[in-house]
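The values are calculated or read from the model by the stated rules, or taken from the named source; none is laboratory data. Since the structure is predicted, the reported quantities are computational estimates derived from the model, not experimental observations. Glycine also receives a Cβ, built like all others from the backbone with ideal geometry; neighbour counts cover every protein chain displayed. Accessible surface is based on the protein model in full, side chains and every heavy atom, while ligands, DNA and RNA are left aside. Shrake-Rupley method; radii C 1.70, N 1.55, O 1.52, S 1.80 Å.
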Amino acid sequence: MELGLHLADMTFPGGAATLGRDLAAAATSAEDAGFTRVSVMDHLWQIEVVGPPEHEMLEAYTTLAYLAAVTERVELLAWVTAPVYRYPGVLAKTVTTLDVLSGGRAMLGIGAAWFEAEAVGLGIPFPPVAERFERLEETLQICLQMWDEKNEGPYEGAHYRLGRTLNSPQSLRRPHPPILVGGGGEKKTLRMVAQYAQACNLFAGPELPHKLDVLREHCATLGRDYDEIEKTVMMTLDPGENGENADALLEQLGALAALGITHVQGRVPDAARPGRFDVFAERIVPEAARL
């Protein structure tokens, strides 16, 4: 099992003046400790489960470009992109740019979008949920077509029409940056995982085994190998101030590994504090790798 750092809380003691340094410290410390991915949310306001909307929130792909410059090995992605916030052709170009400039470390994390208040607040069109899922699927199709160097033809969908899907330069990762579709919707989201994605993202709750069974059923229907899809979950990674919760955290990770989860992406409280990742480097990452 591998671990990744999710940078959801961008409120640090130094405020905006030190935000760049704090994010860099967290990301590089996680990388040095053996974390394999760093992600940020694709939100423009802070979400309620983390803090009030007035708390600091940076635009996702600008932040990932900055993190690409200060890291060397970790994969980078928005967890997860709201497709209605960007035209699909621009999104494909943005992820391609991140991949090229990071030396082939970008992924496309994507979902249907849900935070209506920030969209309305900032004047972004936010269609009903059924249409958002339609736009999500068309976005996936457009990205895959733009990453196909043999197909520069037009794309004609119900919501998007592209005259020429030219993408130069192409992504370094071939055939394309890995796609992670986030969410546990059983009829649409998990079907799209089976049809388009290299990874899913689910929550570490009691419904997790059932969600994996549903994904397996979609794979069987579509003729997709269930085992080739990476199973990830999002949860808090908190070993305690001095490592006192390390045993409990490892027990949680072991239970997830028994279900077939191979990657856990998580928030680490106080991630920019010096020494915060020492217990991860010394114990948690090595032991998780043996699960």
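Side notes on the structure shown:
- Flag for LEU101 being farther than 24 Å from THR236 by Cβ, out of contact with any Leu (no Cβ under 8 Å at 6 or more places or on another chain), hydrophobic (A, V, I, L, M, F, W, C) and in contact (Cβ under 8 Å) with a residue 12 or more places away in the chain: yes
- Single residue of ARG174, ARG164 found to be surrounded by fewer than 22 Cβ atoms within 10 Å (Cβ to Cβ), over 17 Å from the mean Cα position of the chain (by Cα) and under 21 Å from VAL84 (Cα atoms): ARG164
- Segment 10-25 - residue that is crowded, with 18+ Cβ neighbours inside 10 Å and more than 13 Å from THR63 (Cβ to Cβ) and, of those, nearest to the chain's Cα centre (by Cα): ALA25
- Checking each residue in segment 217-261 for being among the polar types (S, T, N, Q) and in contact (Cβ under 8 Å) with a residue 40 or more places away in the chain picks out THR232, GLN252.
- Residue check, PRO169 touching a helix residue (DSSP H, G or I) at 6+ places or on another chain (Cβ under 8 Å), assigned to a loop (DSSP other than H, G, I, E, B), open to solvent by 50 Å² or more (accessible area, probe 1.4 Å) and under 30 Å from GLY51 (Cβ atoms): no
- Only a single criterion out of (1) open to solvent by 20 Å² or more (accessible area, probe 1.4 Å); (2) in a loop (DSSP other than H, G, I, E, B); (3) hydrophobic (A, V, I, L, M, F, W, C); (4) closer than 26 Å to LEU190 by Cα is not satisfied by VAL90, namely (2).
- Total residues in segment 224-262 satisfying the condition of being over 24 Å from the mean Cα position of the chain (by Cα) and open to solvent by less than 70 Å² (accessible area, probe 1.4 Å): the figure is 5.
- Count of residues meeting criterion [touching a strand residue (DSSP E or B) at 6+ places or on another chain (Cβ under 9 Å) and more than 13 Å from VAL90 (Cα to Cα)] in segment 165-175: 3
- Of all the criteria given as (1) open to solvent by 10 Å² or more (accessible area, probe 1.4 Å); (2) over 20 Å from MET107 (Cβ atoms); (3) of a type outside the set (Val, Ile, Thr), the one not satisfied by GLN46 is (1).
- For the condition open to solvent by 20 Å² or more (accessible area, probe 1.4 Å), more than 24 Å from PRO128 (Cα to Cα) and under 19 Å from the mean Cα position of the chain (by Cα), GLU207 does not qualify.
- Taking segment 49-75 as the range and being open to solvent by 30 Å² or more (accessible area, probe 1.4 Å) and not in a loop (DSSP other than H, G, I, E, B) as the test, the residues that pass are THR62, ALA65, TYR66, ALA69, VAL70, GLU75.
- Residue in segment 181-190 that is closer than 28 Å to GLU287 by Cβ and surrounded by fewer than 16 Cβ atoms within 10 Å (Cβ to Cβ) present: no
A quick yes/no check of all residues on (1) farther than 19 Å from TRP79 by Cα; (2) of a type in the set (A, V, I, L, M):
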{"site": "TYR155", "(1), (2)": "yes, no"}
{"site": "PRO175", "(1), (2)": "yes, no"}
{"site": "LEU180", "(1), (2)": "no, yes"}
{"site": "GLY183", "(1), (2)": "no, no"}
{"site": "LEU208", "(1), (2)": "no, yes"}
{"site": "LEU212", "(1), (2)": "yes, yes"}
{"site": "THR221", "(1), (2)": "yes, no"}
